[in-house]
Amino acid sequence: MKKVITYTEDQIAQIGALLNGIISTGVQSAKSIAVIAQILDSGTPGEIKDPDPEKKGGEG
C-alpha cells in the first residue's frame with residue numbers, strides 16, 4: 001500500500017494564496033510560512049491500495 005496525506009480543497013487553495021504572497025524578507029512572510037506549516041501538519045494520513053497484479057484491466 002502507498003502512504004498518502006490528504007487535504008481539503010480549501011486548505012490547498014489557502015496554501016497557494018499564502019505561497020503567492022510570500023516575499024523574500026519580513027515578519028509577514030514568516031507568519032505565512034508558519035500557517036502553511038500548520039496546514040501541512042493537519043493533513044490526514046491514509047493509504048492507497050496497489051492494483052492487484054493478478055487482475056487484468058476490465059476483469060474481476
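Summing -39500 (n - 2.57) over the DSSP H runs of n ≥ 4 in the chain and dividing by its residue number, what mean residue ellipticity at 222 nm do you reach, to the nearest 500 deg cm²/dmol? The helix contribution divided over the chain gives -15000 deg cm²/dmol.
Evaluated with a Cβ-only charge set (Lys, Arg +1; Asp, Glu -1), the chain carries a dipole of roughly 180 debye about its Cα centre, given to the nearest 20. Could you check how much of the accessible area of the chain is carbon and sulfur, as a whole percent, using a 1.4 Å probe? Reported share for carbon and sulfur atoms: 57 percent.
Against the chain, whose longest principal axis comes from its Cα atoms, helix 27-41 is set at around 20 degrees. Taking a temperature of 20 °C and a viscosity of 1.002 mPa s, what whole-number D in µm²/s does Stokes-Einstein yield for region 1-44 with Rh from Kirkwood over alpha carbon pairs? For these conditions, the coefficient is 190 µm²/s. Whole-Hz Karplus values for region 3-17 come out as 8, 9, 10, 10, 9, 7, 4, 4, 5, 5, 4, 5, 4, x, 5 Hz, taken residue by residue from phi with 6.51 cos²θ - 1.76 cosθ + 1.60 and θ = phi - 60°; glycine and proline positions read x.
In the chain, Cα pairs under 8 Å separated by at least six residues give a relative contact order of 55 percent.
The values are calculated or read from the model by the stated rules, or taken from the named source; none is laboratory data. Just so it is clear, the structure is predicted and the values come from calculations on it, not from any experiment. Note that each Cβ is placed from the backbone with ideal geometry, even for glycine, and that neighbours are counted across all protein chains shown. The accessibility values were calculated without ligands, DNA or RNA, using every heavy atom of the protein model including side chains. Shrake-Rupley method; radii C 1.70, N 1.55, O 1.52, S 1.80 Å.
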